[in-house]
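Q: Would you mind keeping the following structure in view while I ask a few things?
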Amino acid sequence: MKLPDAAAHQEVPQLLAPFRLATYLQENVFFDGSDGELSGARAVLRLRFYDGDSRCVVSLKGKAVIADGISRVDEAEEDVDSTLGRACVAEPWRLVGLECGIVKRVLAEYGCKGFVCLGGFRNVRGVFDWQGLKIELDETQYDFGTCYEIECESHDPERAKKVLEGFLVENGVPFSHSAKSKFAIFRSGKLPN
């Protein structure tokens, strides 16, 4: 769910303060095949660094669909050494030799011969355990502006959406449904309306 501004974003952690698990500073860097193989298949390869270089996660996302405020996406993740991750950001060709099941899968399934770095964005993520839901409150910082959002991964997304909507309405926090992923916003180069 999209929050309209910093004021709405700041209300949520105050309301959920007793349920805070962690806050992460995330740096997200995206890659495509050197011939656009991933973008052509609507797939996304990402390296995410947590709190500087304390952790690095490779992820592959595909078949993303957002409908009625619910995002559904196939996603696989794998931890890799942060130093190797940084080397791949500096020199994307290094991804080809990275000992990582996800990268090997990308090479095999998408036929990538090499990679190009697309750039990325930073994110401050607050994580809360509330009502049996893992709530992720994001402040996403693009080169062209900042967006605010609440995410909740769930096996029952319709229920999670209903519970979150009720919480926001009850507490007078304005929101709307996200129509684009963070990656789609990044690639468009402009904030959504």
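What follows is calculated from the coordinates using simple rules that are stated; it is not laboratory data. The structure presented is a predicted model; accordingly, all values stated were derived computationally and were not measured. Heads up, the Cβs are rebuilt from the backbone with ideal geometry, glycines too, and the neighbour counts pull from every protein chain shown.
Q: Using +1 at the Cβ of each Lys and Arg and -1 at the Cβ of each Asp and Glu in the chain, identify which of Gly172, Gly145, Ala108 lies farthest towards the dipole's positive end.
A: It is Ala108, whose Cα lies furthest towards the positive end.
Q: Computed from the coordinates I sent, Cα extents along the principal axes in Å equals one of (1) 60, 38, 26; (2) 52, 33, 32; (3) 39, 34, 34. Tell me the label.
A: This structure yields the entry labelled (2).
Q: What does the charge count around Lys190 come to, taking other residues whose C-beta lies under 15 Å from its C-beta (Lys +1, Arg +1, Asp -1, Glu -1)?
A: Numbers: positive: Lys2, Lys180, Lys182, Arg187; negative: Asp143.
Charge balance in the 15 Å sphere: +3.
Q: Now a separate question. Could you check which residue among Gly132, Gly114, Gly62 shows the biggest mean-square fluctuation in a GNM of the chain with a 10 Å Cα cutoff?
A: Maximum fluctuation in the GNM of the chain, among the listed residues, is at Gly132.
Q: I'd like the orientation of helix 157-170 relative to the chain: the angle between its Cα long axis and the longest Cα principal axis, in ° from 0 to 90, rounded to 10.
A: That works out to roughly 40 degrees.
Q: Count neighbours as other Cβ atoms within 10 Å of each site's Cβ, and list the trypsin sites (Lys or Arg not before Pro) in the range 70-154 that are DSSP loop with at most 16 such neighbours.
A: Values: sites: Arg72, Arg86, Arg94, Lys104, Arg105, Lys113, Arg122, Arg125, Lys134; in loops: Lys113.
Hits after loop and neighbour filter: Lys113.
Q: Any chance you could give the angle, 0 to 90 degrees and rounded to 10, that helix 101-110 forms with the longest Cα principal axis of the chain?
A: Helix 101-110 and the main axis of the chain meet at about 70 degrees.
Q: Per residue of the chain, what 222 nm ellipticity follows from adding -39500 (n - 2.57) for every DSSP H run with n ≥ 4, rounded to the nearest 500?
A: Values: 6 runs with 54 residues, N = 193.
For the chain, the value works out to -8000 deg cm²/dmol.
Q: Here's a follow-up. Between Thr83, Thr140, Thr23, which gets the highest mean-square fluctuation from a Gaussian network model of the chain, Cα cutoff 10 Å?
A: Looking only at Thr83, Thr140, Thr23, the biggest GNM fluctuation is shown by Thr83.
Q: If I build a Gaussian network model for the chain, linking alpha-carbon pairs within less than 10 angstrom, which residue out of Asn28, Asn123, Asn171 has the largest mean-square fluctuation?
A: Top of the fluctuation ranking is Asn171.
Q: Any idea what angle helix 6-15 forms with the longest principal axis of the chain, computed on alpha-carbon atoms, 0 to 90 degrees, nearest 10?
A: For helix 6-15, the angle is close to 70 degrees.
Q: Within 10 Å of each candidate Cβ there may be at most 14 other Cβ atoms; applying that plus a DSSP loop requirement, which trypsin sites (Lys or Arg not before Pro) in the range 1-60 survive?
A: Values: sites: Lys2, Arg20, Arg42, Arg46, Arg48, Arg55; in loops: Arg42.
Qualifying residues, ordered by number: Arg42.
Q: Quote the charge dipole size of the chain about the Cα centre in Debye, to the nearest 20; the model charges only the Cβ of Lys and Arg (+1) and of Asp and Glu (-1). Show your work: numbers first, answer last.
A: On the way: 24 positive and 30 negative charges, 78 e Å.
Result for the chain is approximately 380 debye, rounded to the nearest 20.
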